Amino acid sequence: MAATSMVVFIGTTLFALQQLSGINSVFYFSSTVFRSVGVPSSLANICMGIANLLGSIIAMLLMDKLGRKMLLVGSFFFMAFSMGLQAIGANRHLGSASVYLSVGGILLFVLAFSLGAGPVPGLLLPEIFPNKIRAKAMALCMSVHWGVNFFVSLLFLRLLEQLGPQVLYTMFSSACVVGAIFVRRHVVETKGKTLQEIEVSLLQTQ
C-alpha cells in the first residue's frame, strides 16, 4: 500500500473507530441515564462538561510531551475500561453499586475520550497528510466521521432495546480495544517529525 493510500486508510479508520466507541451515544443519552438513577439533568450536564474540560486541559498539556500516539492508545484503553464499567453497572441486581458504576463509567468515559480519541485525530491527520491531498483527505475523513456518527446515533436506541445495555456497552468497549490495537499497529508518532520522516515511518509499518 502506497504511503498516500495508507494515510487515507488510517484517517478514515481512526474517525470511524472514534464514533464506534459510542461517544456520541453517551453525550446524547447521558441525561436519560443520570435521570434513571435520580441525578437531575442540569447536574449531569455540569458533571459531563467538567469531565470534558478537564480531559481537554490535560491533553493540551501532555500532547507535546507524551506524543500523539501514546495519548491515543491510552485514551482508547481507558475508554474501553470505562465502558466496561457501564456494562457491569447495567446489571441492576448489583443494587446501589450499579448506580456508581453507571454514573462513574460515563464520567470516566468522557474524560478518557477528551484525553486523546477526541482531540488527537483532528491534530494528527493534517500532520500525516501530504499537502497535495490534505484538503480532499480531510473532507473524506470528516464524511466518514459524520456518517458513522449518524448511524450509531440512529441505531442506538433500537439496539439498546433489542440487545440490552450490557451487550451494547460491551460492543462499544470492544470497539475501543480495537481502536487501541489499530493505533499501536498503524499510527506513527508525528511529534517533532517532518512530513518526509513521517512518510518513511508509514512505509516501514506496512
(request) Output the Cα-based Rg and Dmax of the stretch 3-205 in Å, rounding Rg to one decimal and Dmax to a whole number. (result) 17.6, 57
(message) For the chain, what does the relative contact order come out to in percent, with C-alpha contacts under 8 Å and a separation of six or more?
(response) 38
(message) Using only the alpha-carbon atoms, how far is helix 68-89 inclined from the longest principal axis of the chain? Give it as 0 to 90 degrees, nearest 10.
(response) 20
(message) Mean-square fluctuation check for the chain, GNM, Cα pairs under 10 Å: which of G147, G118, G55 is largest?
(response) G147
(request) Please determine, in degrees from 0 to 90 and to the nearest 10, the orientation of helix 23-36 with respect to the longest principal axis defined by the Cα atoms of the chain, where the helix direction is its Cα long axis. (result) 10
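Every number in this text was worked out from the coordinates using simple rules, so none of it is lab data. Keep in mind it's a predicted model, so treat the numbers as computed, not measured.
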